[in-house]
Amino acid sequence: MTLVSVRDLTIAFGGALALRALSFDLRRGELLGVVGESGSGKTLAALSLMGMAPEAARVSGAISFDGERVDTLPETGWQSLQGRRIAMIFQEPMSALNPLQRIGTQITEAMIWHEGISRAEADARALALLGEVGMPEPQARLRMYPHQLSGGQRQRALIAMALACNPDLVLADEPTTALDATRTAQALDLLRGLARARGMALILISHDLAAIERVAERMLVLYGGDLMEEGPVAEILSRPAHPYTAGLIRARPRPRPPGVPRRPLPTIPGSVPGLADLPRGCRFHGRCPKGRPVCAEGRPPLVDIAPGRRAACLFPEPV
Amino acid sequence: MRWNAVVGGALVGLVAGVAALSLVWTPHDPAGIDVSRRFLPASPAHWLGTDQVGRDVASMLMAGAQSSIAVALLSVGLGASLGTALGLLAAARGGWVEEAVMRLSDLAFAFPALLFAIMLAAVFGPSLTNAVLAIAFIMVPIFARVSRASANAVWAREFVQAAIAAGRSRLGITIDHVLPNIAAVLMVQATIEFAVAILAEAALSYLGLGVQPPTPSWGRMLSEAQTLLYLAPQLAIWPGLCIMVAVLGFNLMGDGLRDATDPRLRGVGA
């Protein structure tokens, strides 16, 4: 059953298109990964799903949540969804917590506002949540301020905040950038486990293919505001159809087995074009190893290339 | 602890303590006129002597501290509340509301406060209330600007974005997240504005637009002493010194508080 349906979502700043006609669906309880570089539009897409697109942005297209159009909602209409049915986990665990409020107060904020429950009841639920996200000594942590917690603990507190009202959808925008490799893996496994246990849909936004692989079932690949490729994570990672995806996968750092000579990490030549000078046609054609003059003429349509897989390329790799 | 906060706090404590003491005790009646005891020099009976109508100068100064503190407290309280509310509104709503509030602040800034006080006095008669209103009028745009600038900085922080994502209203976010995070800045500003208010009260009283006789006030003592400068200069020196001590005290305390709350000045990364 479809929980979120996005159709032709376009976000423009002045004349520059930061996101171009993005369409995708998300099933209830589905784990979706969105991968892309800085400036690919992935964060903008997430903010639009939250009703939090920047004021300077012109947003068009349609977003439905649980069968109802939400992109046309006024601010107060969004407020009844935000935190209650759609929640967000922010990037930076230190700055996403109010330094002057106790952890317990921040976790219970959404519950008390949306459900009108008593402080005692909210505290009890916050305690259970902290236990669920694996916070050590949750009773004591509830009374602490953010600066008294470690980075990993703050990230767990943020996850608990997002889960406070048992939402149907959680958006996690680079939730692990501030954590070291071990904490990252723990936090990702925790997110996946919680989403599974609660039947909650999750959109994980990341530039890190390893994070997407660890958490998501299906993934979207964004580049320069365009959806380049979409499909099951395992299939895309083993047989990418779009040259951009292929380049991303080649550029992943891998552990070097002993005895294998050191080699430079493959890269995609060139750099991501700025919002002001996005190329015509396929956004990737200038950097694409298979790019031909025809690629600059028009935007390649997103076509089905295999069951459940779509790619926007005139010359896709065989899958 | 910073030296300026300590010295400033001590001076402020002295002025406030004397004002409080004068509520229950002064060496003589500050309004007690006795023409037979004019221009007495300092003595154990009259610590700082008497003035041109025989009032005890020390008692008048003590009671005058009351007026200064009361006017400063009321006007800064009123001006800060109103100004902060406007600044928070501007930051929360943005757009034309913010523009309107800030342009109105500019307008109020451009309007000479003394002129406003004279206008109030001309229409409603000179009184303590009108002095308070006139000084509060100077404070409103100052606090509107300070609170808007700090609130805008808080609105840009991620935990406010998180509160929006949790479905909180702008009013709720302003009260629960923004105001507590700018409280320190406002407190520092209020302390500094206290000094401005004390000076303004003295100026208004000097012009006869503030507290009315027989209630003593430093500003009026100065103006009454002005014609007697060659005869009895000490009558001008004492209230002048009191004003200076009070203003210096609040300024030093404000500086000290700012140093203590501003991490950049403490050498600790924000």
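Structure data summary
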{"item": "Segment A:169-241 and segment B:37-53: distance between their alpha carbon centers, rounded to Å", "result": "85"}
{"item": "Average other protein chain Cβ within 10 Å of Cβ, residues A:96-103", "result": "5"}
{"item": "Proximal charge balance of B:Q212 [Cβ under 15 Å; K/R count +1, D/E count -1]", "result": "-1"}
{"item": "Shielding of B:166-178 by partner chains, average beta-carbon count, 10 Å", "result": "5"}
{"item": "Size descriptor, Kirkwood hydrodynamic radius, that averages inverse alpha-carbon separations across chain A, Å", "result": "20.7"}
{"item": "Between segment B:185-262 and segment A:139-164, the alpha-carbon center distance in angstrom", "result": "49"}
{"item": "Point-charge dipole on Cβ atoms (K/R +1, D/E -1) for segment B:20-138, about Cα centre, debye to 20", "result": "60"}
{"item": "Per-peptide average of other Cβ atoms within 10 Å, ordering A:165-172, A:299-306 highest first", "result": "A:165-172, A:299-306"}
{"item": "Separation of the B:M187 and A:S38 label points, Cα + 7 Å toward Cβ, nm", "result": "3.7"}
{"item": "Neighbour-count ranking [beta-carbon atoms within 10 angstrom, fewest first] of B:Y230, B:Y206", "result": "B:Y230, B:Y206"}
{"item": "Residue order, fewest to most surrounding Cβ atoms within 10 angstrom, among A:H114, A:H207, A:H147", "result": "A:H147, A:H207, A:H114"}
{"item": "Total formal charge among the other residues, if their Cβ is under 12 angstrom from that of A:P232, Lys/Arg +1 and Asp/Glu -1", "result": "-2"}
{"item": "Mean projected area in nm² (Cα convex hull; one quarter of hull surface) for the protein assembly as shown", "result": "36.6"}
{"item": "Estimated [θ] at 222 nm from DSSP helical runs (n ≥ 4, -39500 (n - 2.57)) normalised by residues in chain B, nearest 500", "result": "-24500 deg cm²/dmol"}
{"item": "Protection proxy ranking, peptides B:7-19, B:186-198, average beta carbon neighbours within 10 Å, highest first", "result": "B:186-198, B:7-19"}
{"item": "Sorted by Cβ neighbour density within 10 Å, fewest at the top, the residues A:D123, B:D56", "result": "A:D123, B:D56"}
{"item": "Percent RCO, i.e. relative contact order, over segment A:1-111, from Cα pairs under 8 Å lying at least 6 residues apart", "result": "26"}
{"item": "In segment A:8-44, trypsin sites (Lys or Arg not before Pro) in a DSSP loop with at most 16 other beta-carbon atoms within 10 Å", "result": "A:R28"}
{"item": "Unit charges on C-beta of K, R, D, E only; dipole of segment B:76-208, Debye", "result": "240"}
{"item": "Whole-number percent relative contact order across chain A, with pairs defined as alpha carbons under 8 Å at least 6 apart", "result": "20"}
{"item": "Loop-located trypsin sites (Lys or Arg not before Pro) in segment A:223-319, at most 16 other Cβ atoms within 10 Å (DSSP)", "result": "A:R262, A:R280, A:K290"}
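No value in this document is a laboratory result; all are computed from the given coordinates. What you see is a predicted model; the values in this text were computed from it and never measured. Backbone-built Cβ (ideal geometry, glycine too); neighbour counts: all protein chains shown.
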